[in-house]
Each structure stands twice: as C-alpha cells, then as structure tokens.
Amino acid sequence: MEANDLFREVPCRYFTKPGPANTGAVLEAAGRRAKDLTIGRVVVASCTGGTAFAARKIFAPSARIIAVTHVTGFAEPNVQELSEEDRRALQEQGVEVLTCAHAFGGVGRGVRNKVGTYQIDEIMAFTLRTFGQGTKVAVEIALMAADAGLIRTDEDVIAIGGSGKGADTALVLRPATSSHIFDLNVKEVICKPANL
C-alpha cells in the first residue's frame with residue numbers, strides 16, 4: 001500500500017528491554033526525528049545530568065534542551081541528585097535545568113504516604129506505565145516544563161524519559177500544562193522498550 005493523505009509511515013525502535021543501555025540509541029533516533037520535523041525543543045529527564053550532557057552532544061546546537069531533574073528529597077531527605085557543579089556545567093552548555101514538583105507525584109504521593117490512599121495523579125501515572133516507565137516520565141516532564149513556561153503548548157517537542165537511569169523512550173508530543181493534561185497529545189513514538 002502506498003502512503004497517501006490518510007497515513008504516513010514513520011520508523012519506531014522497540015528495545016528488547018528497558019534501561020540505560022538504550023540511551024545512545026534513544027538520543028540518536030530522537031535527534032534524527034527532531035531534524036526531520038524541525039523540532040527545536042527537547043525535554044529530557046536527567047537525575048544526575050548524564051543524559052542531559054549526552055543530549056547536548058547529539059542535538060543541534062540551536063536545539064533548546066530542558067533537563068528535568070528529580071525533586072530535592074526524592075532519593076533521600078534534603079538531597080538533590082544533580083550536583084551544583086553539574087547544574088552549572090549544563091547551564092554553561094546552554095541546557096536549562098528544571099527542578100520542581102513531579103506532575104504525577106507531588107501532593108498526591110504525600111496523601112498516599114500518610115493515609116494509604118492513591119490519588120488521581122498516581123492512578124494516571126500507573127496507567128501511563130502500561131506503555132512503559134519511560135512513557136510516563138516523558139509525559140510527566142513535558143507537563144512540568146509547560147507548567148514552568150519553558151516549553152510552549154502550541155509547538156511540538158520531543159520528550160525523552162527512562163526507566164530508572166538513562167533513557168529508553170522518546171516521544172513527539174504537543175505539550176499541555178498539568179491543569180489541562182487532557183490537551184496533551186502524543187503524536188509519535190520514536191522509541192520505547194517492547195518488554196517492560
């Protein structure tokens with residue numbers, strides 16, 4: 001069947017398993033897709049800075065890269081996983097760094113931790129995880145970056161997430177703010193793990 005106005009064929013990588021071993025392949029595929037679609041904004045999850053540093057090397061110098069970190073206290077009380085030295089180094093390379101409450105794990109997680117009841121934000125996170133942890137992360141960081149005004153809601157972006165460390169998922173999406181989450185539109189899956 002030949003492509004026409006009804007559809008277009010776009011390659012998608014499916015990794016045999018999730019995890020940081022996929023980071024280079026994710027960034028390469030996402031960089032190529034950003035170039036194909038002339039997308040100039042990239043949102044990347046990066047707890048310690050490693051994935052953001054790698055993204056800066058892959059994407060065009062003109063690409064605006066936003067690194068989204070874990071909140072302070074995520075791993076242990078009063079600890080920020082991204083060192084101040086690496087934060088400064090990323091900023092010197094033109095990477096914006098966002099640290100803020102997680103869209104799917106702020107106050108709702110506090111309620112669960114205290115009274116043992118899941119809130120709607122965590123239910124949404126579990127639903128997105130059926131597509132993989134990286135998909136949940138990519139959607140979440142796009143919401144967070146839009147809430148912070150670092151990306152526009154009327155322009156497509158590439159959002160890159162992972163399962164723990166590194167990256168294993170990349171999406172082309174039209175972002176939304178968290179208060180308008182159902183306006184977010186995942187337009188393409190560039191890559192993701194096939195086996196969760």
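FYI, it's all coordinate maths here, none of it is from the lab. What you see is a predicted model; the values in this text were computed from it and never measured. We place every Cβ from the backbone using ideal geometry, glycine too, and count neighbours over all the protein chains shown.
Subtract the Cα-Cα distance of THR130 and ALA148 from 0.36 nm times their separation in residues, and report this length gain in nm to one decimal.
That pair, THR130 and ALA148, stretches by 3.8 nm at full extension.
Quick one: if you stick a label point 7 Å off each Cα along the C-beta vector at ASP5 and ALA21, how many nm between them?
For ASP5 paired with ALA21, the spin-label model returns 4.6 nm.
Rank-order 113-123, 99-109, 37-47, 162-172 by packing density, defined as the average count of other C-beta atoms within 10 Å over each peptide's residues, highest first.
Output ranking for 113-123, 99-109, 37-47, 162-172: 162-172, 37-47, 99-109, 113-123.
Distance from the Cα centre of region 128-187 to that of region 6-24, in angstrom?
What the calculation gives is 16 Å, centre to centre.
Assuming R0 = 35 Å, what is the FRET efficiency of GLN119 and GLU84, from their Cβ-Cβ distance, to the nearest 0.05?
Efficiency for this residue pair is about 0.60.
Relative to the Cα centre, what is the charge dipole magnitude of the chain, using +1 at the beta carbon of each Lys and Arg, -1 at the beta carbon of each Asp and Glu, and rounding to the nearest 20 debye?
300
Which of SER62, GLN91, ASN4 sits closest to the plus end of the dipole of region 1-100, meaning its Cα is farthest towards the positive end, when Lys and Arg get +1 and Asp and Glu get -1 on the C-beta?
Result: ASN4.
Quick check: residue separation of GLU92 and PHE182 times 0.36 nm, minus the Cα distance between them. What number comes out in nm?
28.9 nm
Could you work out the per residue convex hull volume over the alpha carbons of the chain, in cubic angstrom? Working shown, then result.
Numbers: hull volume 25.1 nm³, N = 196.
About 128 Å³ per residue, rounded to a whole number.
Please provide three numbers in whole Å: the alpha-carbon extents of region 62-162 along the principal axes, with the largest listed first.
44, 34, 22
So for the pair ARG112, GLU76, with labels modelled 7 Å out along Cα→Cβ, what separation do we get in nm?
It works out to 2.3 nm between the two label points.
Given contacts defined as C-alpha pairs under 8 Å and at least six residues apart, what's the relative contact order of region 1-152, whole-number percent?
Reported relative contact order: 18 percent.
Quick one: check the C-alpha center-to-center distance for region 95-115 versus region 28-92, whole angstrom.
Taking the Cα centre of each part, region 95-115 and region 28-92 sit 19 Å apart.
Restricting to bridges with both residues inside region 42-196, how much of the DSSP beta-bridge set is antiparallel, in percent to the nearest 5? Display every interim value, and only then the final one.
Details: 10 of 20 bridges.
Roughly 50 percent of the beta bridges in region 42-196 run antiparallel, per DSSP.
Quick one: compute the contact order of region 35-118, relative version, from alpha carbon pairs under 8 angstrom and 6+ residues apart, as a percent.
Worked out over region 35-118, it gives 27 percent.
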